[in-house]
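> Before anything else, here's the structure in question.
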Amino acid sequence: MKVQKPSWISTVEVRDLIQRRPWSLLSWSAGLVALSFIGYYGILSIGNPPANIGAQFVDAEFPSPSISPWFYGKPITWFIYAAFLYWSAGLEAQRIHFLNFSERTRRFLFIATALVAFGAFYEIFYNFMIWSALEVLTQSCSPSPCSPDVIASRWPSLPKPLNLVFVTKVVILVFSLSVYSLWFLFRIDKEIERRNPTPQAAFSRQELYGADTVKTAPMTRAYSFAVTTNGQDPPDSPQ
């Protein structure tokens, strides 16, 4: 019986992996962080459901202010930061594949992403308008005025109200991801144009559009002379 020593990843191999695939490692790391926040606070809400949808991601602070009084944030804030890094770094990691896409595919992705950005842009203004209106109208909480973190919207009709801090940050995340994706696709198009420059046409614009070229012939200029003949023939006019 032969006992084999387990092969651990050496420091050189880890460094080589970081140098070869930095964007992939950053994307997967940020994705795991985002998934951890969603999973942890989602599981906590199973035994104690919040009054508003998404309130469990707004009411808590991570890390706790008792542990880190100067540096903490809401779980939804950490989630949108990690989700943005996951998406943007993932696009950069797949840049080679986007360069191989056809022009029709890239145009379709651009239009679809622009459509998502358009919808998210509207929702941002809508949520802030509802948020401001409810901040003024809601005066029944203690202490007054109400904290912006506890205000929830009942529109659209849902089983529970929707926490406005939660939904606004999610919509801003969607809009930011769309804008970055549009900028990424624009850079891909520019790089493809730089790699494959269009040769200059060796023919004129009239030949390009199939127009008949009209060649002008030199025209003789007519001269008029007021000549007194006095019985003699007038001189010949120049041709």
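The values are calculated or read from the model by the stated rules, or taken from the named source; none is laboratory data. From a predicted model like this one, the values you see are computed outputs, not experimental measurements. Backbone-built Cβ (ideal geometry, glycine too); neighbour counts: all protein chains shown. The area values use the complete protein model at the heavy-atom level, side chains included, leaving out ligands, DNA and RNA. Shrake-Rupley method; radii C 1.70, N 1.55, O 1.52, S 1.80 Å.
> Within region 43-54, can you find the residues that are assigned to a helix (DSSP H, G or I) and either touching a residue at least 12 places away in the same chain (Cβ under 8 Å) or buried (at least 17 other Cβ atoms within 10 Å of the Cβ) (or both)? Give the steps one after another, and end with the answer.
If we filter region 43-54 for residues that are assigned to a helix (DSSP H, G or I), which is where we start, we get 43-47.
Within region 43-54, just Leu44 meets the criteria.
> What is the number of the single condition among (1) open to solvent by 30 Å² or more (accessible area, probe 1.4 Å); (2) modelled with pLDDT under 90 that Arg107 does not meet?
(2)
> For Arg95, indicate whether it is of a type in the set (D, E, K, R) and without any contact (Cβ under 8 Å) to a residue 60 or more places away in the chain. Write out each step before concluding.
Working: of a type in the set (D, E, K, R): yes; without any contact (Cβ under 8 Å) to a residue 60 or more places away in the chain: no.
Spelling it out, it is not the case that Arg95 is of a type in the set (D, E, K, R) and without any contact (Cβ under 8 Å) to a residue 60 or more places away in the chain.
> Here's something else I'd like to know. What pairs come up if the first residue lies in region 157-177 and is free of Cβ contacts under 8 Å to residues at least 40 places away in the same chain, the second is open to solvent by 40 Å² or more (accessible area, probe 1.4 Å) and part of a strand (DSSP E or B), and their beta carbons are under 9 Å apart, counting only those six or more places apart or on different chains?
Pro159/Ile53
> Shifting gears a bit: Which of the residues spanning region 165-207 are modelled with pLDDT under 80, open to solvent by 100 Å² or more (accessible area, probe 1.4 Å) and part of a helix (DSSP H, G or I)?
Arg205, Glu207 - these are the residues of region 165-207 that are modelled with pLDDT under 80, open to solvent by 100 Å² or more (accessible area, probe 1.4 Å) and part of a helix (DSSP H, G or I).
> Looking at Ser140, Ser153, which one is at pLDDT below 85, under 17 Å from Gly54 (Cβ atoms), out of contact with any Phe, Trp or Tyr (no Cβ under 7 Å at 6 or more places or on another chain) and small (Gly, Ala, Ser)?
It is Ser153.
> When the residues of region 110-127 are filtered to those that are more than 21 Å from Phe166 (Cα to Cα) and without any contact (Cβ under 8 Å) to a residue 24 or more places away in the chain, which remaining residue is surrounded by the fewest Cβ atoms within 10 Å (Cβ to Cβ)?
Top of the filtered list is Ile111.
> Would you point out the residue of region 65-80, among those that are free of Cβ contacts under 8 Å to residues at least 40 places away in the same chain and not hydrophobic (A, V, I, L, M, F, W, C), that is nearest to Arg21 (Cα to Cα)?
Pro75
> Restricting to region 55-83, what's the tally of residues that are open to solvent by less than 70 Å² (accessible area, probe 1.4 Å) and either in a helix (DSSP H, G or I) or touching a Leu at 6+ places or on another chain (Cβ under 7 Å) (or both)? Before the answer, list the steps.
Here is the first cut: in region 55-83, the ones open to solvent by less than 70 Å² (accessible area, probe 1.4 Å) are 55-58, 60-61, 63-65, 68, 73-80, 82-83.
Applying the additional criterion that residues be either in a helix (DSSP H, G or I) or touching a Leu at 6+ places or on another chain (Cβ under 7 Å) (or both) yields 56-58, 75-80, 82-83.
Total meeting the criteria: 11.
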